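So the structure is just underneath, and the comments pick up after that.
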Amino acid sequence: MANGQVVLVTTEPRGGGTALRTVYFVAEGDPAKAEAIVAAIMAPNESVEALGTLPEAAVKALGLKPGDFTHG
């Protein structure tokens with residue numbers, strides 16, 4: 001197992017207003033690949049941004065296998 005990534009998803013309300021932000025933990029060390037994994041299930045009004053490294057110990061503690069993700 002290796003490090004993962006912390007990914008931020010920002011949802012822009014269709015009618016305007018305050019954006020909703022959700023953090024995802026992804027078992028993928030490469031930031032671009034981690035963004036792509038999460039972006040594959042996002043809606044058109046959502047943006048994805050890798051924020052930083054998720055330590056290997058945290059990936060294991062979350063029970064994530066390579067390519068898996070969960071939200072926080």
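Computed from the coordinates by the stated procedures, all read-outs in this text should not be read as laboratory data. The structure displayed is predicted, hence computed values, not measured ones. All Cβ positions, glycine included, derive from the backbone under ideal geometry; neighbour counts span all protein chains shown.
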What are the ³J(HN,Hα) couplings of the range 40-50, residue after residue, when phi is run through the Karplus curve with 6.51, -1.76, 1.60 and θ = phi - 60°? Round to Hz, x for glycine and proline.
4, 10, 8, 7, x, 8, 10, 10, 10, 9, 6
Suppose every K and R has +1 on its Cβ and every D and E has -1 on its Cβ; what is the size of the dipole of the chain about the Cα centre, in Debye to the nearest 20?
160
Using only helices, what value at 222 nm comes out for the chain when you add -39,500 (n - 2.57) per DSSP H run of length 4 or more and divide by the total residues, to the nearest 500 deg cm²/dmol?
-5500 deg cm²/dmol
Phi-derived 3J(HN,Hα) across the range 16-27 with the Karplus relation (6.51, -1.76, 1.60, θ = phi - 60°), rounded Hz, x for Gly and Pro, is x, x, 7, 6, 9, 10, 10, 9, 10, 10, 10, 7
Which net charge results for the neighbourhood of residue 7, defined as the other residues with beta-carbon distances under 15 angstrom from its beta-carbon, given Lys and Arg at +1 and Asp and Glu at -1?
-4
Residue 3 long-range amide H proximity, modeled H, under 5 Å
56
If you work out Cα extents along the principal axes in Å from the coordinates, which of (i) 42, 18, 17; (ii) 35, 23, 20; (iii) 69, 20, 13 do you get?
(i)
Tell me, what is the percent relative contact order of the chain, built from C-alpha pairs under 8 Å that lie six or more residues apart?
44
